[in-house]
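The values are calculated or read from the model by the stated rules, or taken from the named source; none is laboratory data. These figures come from a predicted structure and were not determined experimentally. Every residue, glycine among them, receives a Cβ derived from its backbone with ideal geometry; neighbour counts consider all protein chains shown. Ligands, DNA and RNA are stripped out before the accessible areas are found, and what is left, the full protein with its side chains, is counted by its heavy atoms. Shrake-Rupley method; radii C 1.70, N 1.55, O 1.52, S 1.80 Å.
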Amino acid sequence: MQIETSYLGFRLPHPFIAGASPFSHHLDKIKRLEDAGCAAVVLHSLFEEQVTASTESRIHQMDPLDRAFATSLADFPSATDYPLTPDAYAEHVHRVKQAVRIPVIGSLNGTTPGSWLKFARIIEQAGADALEVNLYEVITDLAVPGTAVESQHVQLVADLKRILRIPVAVKLSPFFTAFGNLARRLDAAGADGLVLFNRFYQPDFDLKTMQVTPRLELSTSPELLMRLRWLAILFGRVRPSLALTGGVATPDDGIKAVLAGADVVQMVSGLLRHGPSIVPQMIRGLERWMEWHKLERLDEVRGRLSLERHAAPSAFERANYIRTLQSWGAASRQPASRENFTHARE
Ligand SMILES: Cc1cc2nc3c(=O)[nH]c(=O)nc-3n(C[C@H](O)[C@H](O)[C@H](O)COP(=O)(O)O)c2cc1C
């Protein structure tokens, strides 16, 4: 059975890789991922705010010594709250590269094109095989139109492609009016991979203290569905490799990601919950399922449930929407089966 895949130009033995997470803070944990058979690892991010604070003593053009910005800047973590300083991050990349044979993908996380992007070169020189740039941003300025945000993303990727030789993957949030068009523009700007999607981390309100409190809960399978939809829409219609991140909790989820069109499936919550042993489980689940369906090559699976060959994808999505609403009556008469294929066959 052939479950090899290719991501950002790297040939990988299977599609399951580790997404950016605290798992990569320590070399021994990355080695454990490799030992478990993980096909590649994305390191945790170095943040724009960290880089500009250390190299230019400012965060988003705000000077920490300027009292006018004191309240805004107090919301950011202090330099010592990050696991590694920018220089230590580059050293970490170097050490990881020396220690493992799987592809090591560095991660930058920020929003504005600017001099901080020079750090991408340092990560490349430290030995990273590729760079993932996470463009997590919530636009709160009511004067900023969506087109301006998209152009900024495209510009940032074009800037990175000018200074780097290694492949660049772009990790994005889903909330764009016409995500497909943004994907196409990032493709034209030279993006080598698209990583779909960031989770939208929404802080909660603490009713006792009346404070806004950040809270991170690990993902579950229902988060997968939005990712499947967009992968299915993009598969075969853009050049960059496609990675899915978000909501991959079981081997079934991994299979669905590939059916939608993922070249690789990034996992974080699953790894944090179960440890690296989830990787061989994902591989085994995929292989068993392929065997059951008498499929021999991953190429026969990838994108099989995408809209690539659909004559009218928008009409399909609209029809699907209407049918979903109508399914309520049927569902209440006969509850939908939530059978988990690979578990059911254990
Ligand atoms: C504790 C934690 C730390 C994370 N750190 C980063 C990070 O440094 N950079 C990044 O791009 N994503 C980061 N993520 C997001 C993950 O890479 C991933 O996109 C997200 O958790 C969805 O995948 P999952 O459903 O498999 O958890 C982090 C996630 C968690 C849970």
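Here are 144, 104, 149: which of them is of a type in the set (A, V, I, L, M, F, W, C) and in contact with a Leu (Cβ under 8 Å, 6 or more places away or on another chain)?
Numbers: 144 fails: in contact with a Leu (Cβ under 8 Å, 6 or more places away or on another chain); 149 fails: in contact with a Leu (Cβ under 8 Å, 6 or more places away or on another chain).
None of the other options fit; the residue is 104.
Look through the range 163-185, keep the residues that are more than 17 Å from the chain's Cα centre (by Cα) and β-branched (Val, Ile, Thr), and return whichever of them is nearest to residue 136 (Cα to Cα).
Among residues in the range 163-185 that are more than 17 Å from the chain's Cα centre (by Cα) and β-branched (Val, Ile, Thr), the one nearest to residue 136 (Cα to Cα) is 177.
Only one of (1) touching a Gly at 6+ places or on another chain (Cβ under 6 Å); (2) modelled with pLDDT under 95 fails for residue 169. Which number is that?
(2)
So if I check each of 307, 295, which one is over 26 Å from the mean Cα position of the chain (by Cα), among the hydrophobic types (A, V, I, L, M, F, W, C) and open to solvent by less than 50 Å² (accessible area, probe 1.4 Å)? Step through it out loud before you land on a result.
Values: 307 fails: over 26 Å from the mean Cα position of the chain (by Cα).
The conditions single out 295.
Which of (1) open to solvent by less than 80 Å² (accessible area, probe 1.4 Å); (2) modelled with pLDDT of 95 or more; (3) hydroxyl-bearing (Ser, Thr, Tyr) is the odd one out, the single condition residue 213 does not satisfy?
(2)
For the structure I just gave you, tell me whether residue 171 is among the basic types (Lys, Arg) and crowded, with 18+ Cβ neighbours inside 10 Å.
On the way: among the basic types (Lys, Arg): yes; crowded, with 18+ Cβ neighbours inside 10 Å: yes.
For residue 171, the condition - among the basic types (Lys, Arg) and crowded, with 18+ Cβ neighbours inside 10 Å - is met.
Given the options 270, 275, 254, name the one that is within 17 Å of residue 303 (Cα to Cα), modelled with pLDDT of 95 or more and over 13 Å from the mean Cα position of the chain (by Cα). Give the derivation first.
Details: 270 fails: within 17 Å of residue 303 (Cα to Cα); 275 fails: within 17 Å of residue 303 (Cα to Cα).
Only one candidate qualifies: 254.
Within the range 210-238, work out how many residues are within 16 Å of the ligand (Cβ to nearest atom) and assigned to a loop (DSSP other than H, G, I, E, B).
Qualifying residue count, the range 210-238: 7.
Under 16 Å from the mean Cα position of the chain (by Cα) and either within 16 Å of the ligand (Cβ to nearest atom) or open to solvent by less than 20 Å² (accessible area, probe 1.4 Å) (or both), is that true of residue 160?
Values: under 16 Å from the mean Cα position of the chain (by Cα): no; either within 16 Å of the ligand (Cβ to nearest atom) or open to solvent by less than 20 Å² (accessible area, probe 1.4 Å) (or both): yes.
Against the criterion (under 16 Å from the mean Cα position of the chain (by Cα) and either within 16 Å of the ligand (Cβ to nearest atom) or open to solvent by less than 20 Å² (accessible area, probe 1.4 Å) (or both)), residue 160 does not qualify.
Return the residues of the range 176-209 that are touching a residue at least 24 places away in the same chain (Cβ under 8 Å), surrounded by fewer than 23 Cβ atoms within 10 Å (Cβ to Cβ) and within 15 Å of the ligand (Cβ to nearest atom); say none if nothing qualifies.
Answer for the range 176-209, where residues must be touching a residue at least 24 places away in the same chain (Cβ under 8 Å), surrounded by fewer than 23 Cβ atoms within 10 Å (Cβ to Cβ) and within 15 Å of the ligand (Cβ to nearest atom): 197, 198, 199, 200.
Test residue 93 against the criterion of being within 30 Å of residue 150 (Cβ to Cβ) and in contact (Cβ under 8 Å) with a residue 24 or more places away in the chain, and give yes or no.
Numbers: within 30 Å of residue 150 (Cβ to Cβ): yes; in contact (Cβ under 8 Å) with a residue 24 or more places away in the chain: yes.
Criteria met by residue 93.
At pLDDT below 90, surrounded by 11 or more Cβ atoms within 10 Å (Cβ to Cβ) and farther than 22 Å from residue 246 by Cα, is that true of residue 343?
Numbers: at pLDDT below 90: yes; surrounded by 11 or more Cβ atoms within 10 Å (Cβ to Cβ): yes; farther than 22 Å from residue 246 by Cα: no.
The answer is no for residue 343.
So, in the range 239-274, of the ones that are open to solvent by 10 Å² or more (accessible area, probe 1.4 Å) and in a strand (DSSP E or B), which residue ends up nearest to the ligand (Cβ to nearest atom)?
The extreme case among them is 245.
For residues in the range 12-49 being assigned to a helix (DSSP H, G or I) and among the hydrophobic types (A, V, I, L, M, F, W, C), which is farthest from the chain's Cα centre (by Cα)?
Filtering the range 12-49 for residues assigned to a helix (DSSP H, G or I) gives 22-25, 27-35, 48-49.
From what's left, among the hydrophobic types (A, V, I, L, M, F, W, C): 23, 27, 30, 33.
Working: 23: 15, 27: 21, 30: 18, 33: 18 Å.
For the range 12-49, the residue satisfying everything is 27.
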